[in-house]
1. Tell me, yes or no, whether the stretch 307-326 has at least one residue that is surrounded by 11 or more Cβ atoms within 10 Å (Cβ to Cβ), at pLDDT 75 or above and in a helix (DSSP H, G or I).
2. Test LEU392 against the stated conditions and say whether it is in contact with a Phe, Trp or Tyr (Cβ under 6 Å, 6 or more places away or on another chain), surrounded by 10 or more Cβ atoms within 10 Å (Cβ to Cβ) and modelled with pLDDT under 80.
3. Say whether the condition of being out of contact with any helix residue (DSSP H, G or I) (no Cβ under 6 Å at 6 or more places or on another chain), at pLDDT 90 or above and aromatic (Phe, Trp, Tyr) is met by at least one residue in the stretch 54-64.
4. Counting only residues that are free of Cβ contacts under 8 Å to residues at least 12 places away in the same chain and of a type in the set (Asp, Glu), which one in the stretch 534-546 is nearest to PHE465 (Cα to Cα)?
5. Do any helices (runs of 4 or more DSSP H) lying entirely in the stretch 440-543 carry at least 3 residues that are open to solvent by 60 Å² or more (accessible area, probe 1.4 Å) and at pLDDT below 85, and which ones are they?
6. Which condition number in (1) touching a helix residue (DSSP H, G or I) at 6+ places or on another chain (Cβ under 6 Å); (2) assigned to a helix (DSSP H, G or I); (3) under 30 Å from VAL39 (Cα atoms) is the one that GLY230 fails?
7. On the given criteria, is LEU69 crowded, with 17+ Cβ neighbours inside 10 Å, more than 38 Å from the chain's Cα centre (by Cα) and not polar (S, T, N, Q)?
8. Tell me, which residue of the stretch 77-124 that is more than 42 Å from the chain's Cα centre (by Cα) and free of Cβ contacts under 8 Å to residues at least 24 places away in the same chain is farthest from LYS166 (Cα to Cα)?
Amino acid sequence: MKKIYLFGLLMILSVACFADNSQLLNELDQTIEQRERYVHSKREKIDFLKKKIYSETDSNAILKYTDDLYNEYYVFKFDSAMAYANRGLSLAMSQKNSHYTALFNIHLAEILAIGGLYSEAISHLDNTREIEQGLLFKYYYAYFSVYSYWSDYCDDHTFSPLYRQKATENLKLAMQYADENDPLFKFYQGEHKVYVEPDIQKAREFYHNILKTTDEQSRIYAMASYALAGNYHVSGDDEKYEEYLIRAALSDLKCCTMENLALQTLAVYLFQKDECHIERAERYINLSMEDAKYYNNRLRIIEISHILPQIMTTYQAKVEKQNQTLRRSIIFISLLVLGLLGAAFFIYRQNRKLAVRRRELAENNQQLHGLNRQLAESNKQQTDLNTQLHDLNQRLVDTNKRREGLASIYIDLCAKYIDKLGKFQTLVKRKIKANQAQELLQTISSARISEEDAATFLTRFDKAFLELYPTFVEEFNALLIEDGRIQQKSPTTLTTELRTFALIRLGVKNTADIAGLLFLSPQTIYNCRSVSKNKAINKDTFDEDVLQLCTVISKFI
């Protein structure tokens, strides 16, 4: 009883460890395994931009490609981003291009702030002159980013509030020049609701709006997810905090953000959350350290170095504990195996005496079993054949009944038209005898007669076809995508599209022939066939698939 209770407790703890965001964590692990594919794609894009620079002769185009390369390297590799920012600034200054001079000064401030060189970053921004209207938002937002980094780095009660205040002031200024068409505009609004006009719920709405409208393989998605994680963390919702940390880490991996904080924060959170996540936390923190080294972010390396020993020590302790348990288990299993070997030897000696008799009995039983199996298989085959024959006969009876009904409808329709032709002949004779040729011409020219005939024909056709092929509409819709399926106005009436393909099923394939039978123009029928074919699941074999619908006995052939 105690063992059962202990096993049940272990199962509950195991489920608790992997509940909630386990599916997202598994997706994150799979993405980490495929990481080289994303990095390869990133490097191909960078190589393409480099080739464009070398082949370009226009100075403005070179500045544009240099800016693109800086943006690609910005969160991918620190030294390269710094190099292209300096190269762009030098080229812009030599060309006396005020726009790119200001832009690359802002880029240098951004990259210096990531590297922890906050004073130098502020100096670059302070010395920037001739800033055009279109760069003012980026300029003040760069101040906001630098002071935010500086405040987080200080993390004290003296300087941190001072830098946070300066960051807030610059964010206020930046938002005055924000462009509503900017893909990041909603994110900036969220930041404004976090730092300037504290409103957690409103900020959350802005961040969620970004996630709904942005591809997860973009840096905007990663930024919004990480901001949303912080938002939920402030609210005390740990499950959502973990979820959006994972989403941010996933997005960072897919868009090759080496200067990432989400995976590092997630590793620390999992380490502090529960011991059952210690192995995953150790793997994530080591990957974060590799990213920091690749990016050459010294500050991030220092941050990770503080937490890495704690995680590694705890992980090693867990491994050692598992090893001790494993050693005890091996000793216990070894003793158990020895006991089992002794018992097996004793049983072997006892069973050996009965081996010959059992062998003879087994041979006889095997022969009897073979005969019984052959007989059972024969009976089963006979039963299956009888069942198939019964079903086939029933289907043939049903088909004959439908065809008899179709013949009845055809005879009735012919009788009606014969009667109508006789009445029309009588009318013609009477009008001619009465010298009412003009009235007769008007009667013959009346569209109403044709419409009535067409309606009668189509009604009878629908009834006859659905009697013969009652499952046609259902089987036809199965050939189409869900959004393109056709709804009947009533169970006994076909639409124009269904009538068109009903005639095709009956063997009338020519568009002109179908148009004549349905009292429509050939263009209408052509358009109908084209529209339905475009909605087909398999466009290449659509016409052949229609001809195979409602096959009565093909199942048994």
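1. No, the stretch 307-326 contains no residue that is surrounded by 11 or more Cβ atoms within 10 Å (Cβ to Cβ), at pLDDT 75 or above and in a helix (DSSP H, G or I).
2. Spelling it out, LEU392 is indeed in contact with a Phe, Trp or Tyr (Cβ under 6 Å, 6 or more places away or on another chain), surrounded by 10 or more Cβ atoms within 10 Å (Cβ to Cβ) and modelled with pLDDT under 80.
3. No: zero hits.
4. GLU544
5. It comes to 447-468.
6. Looking at each condition in turn, GLY230 falls short on (1).
7. For LEU69, the condition - crowded, with 17+ Cβ neighbours inside 10 Å, more than 38 Å from the chain's Cα centre (by Cα) and not polar (S, T, N, Q) - is not met.
8. Once the filter is applied, the top-ranked residue is SER94.
The values are calculated or read from the model by the stated rules, or taken from the named source; none is laboratory data. None of these values were measured; they are calculated from a predicted model. Methodologically, a virtual Cβ is constructed for each residue, glycine included, from the backbone with ideal geometry; neighbour enumeration extends over all protein chains shown. Note: accessible area is taken over every heavy atom of the protein model, side chains too, but ligands, DNA and RNA are not part of it. Shrake-Rupley method; radii C 1.70, N 1.55, O 1.52, S 1.80 Å.
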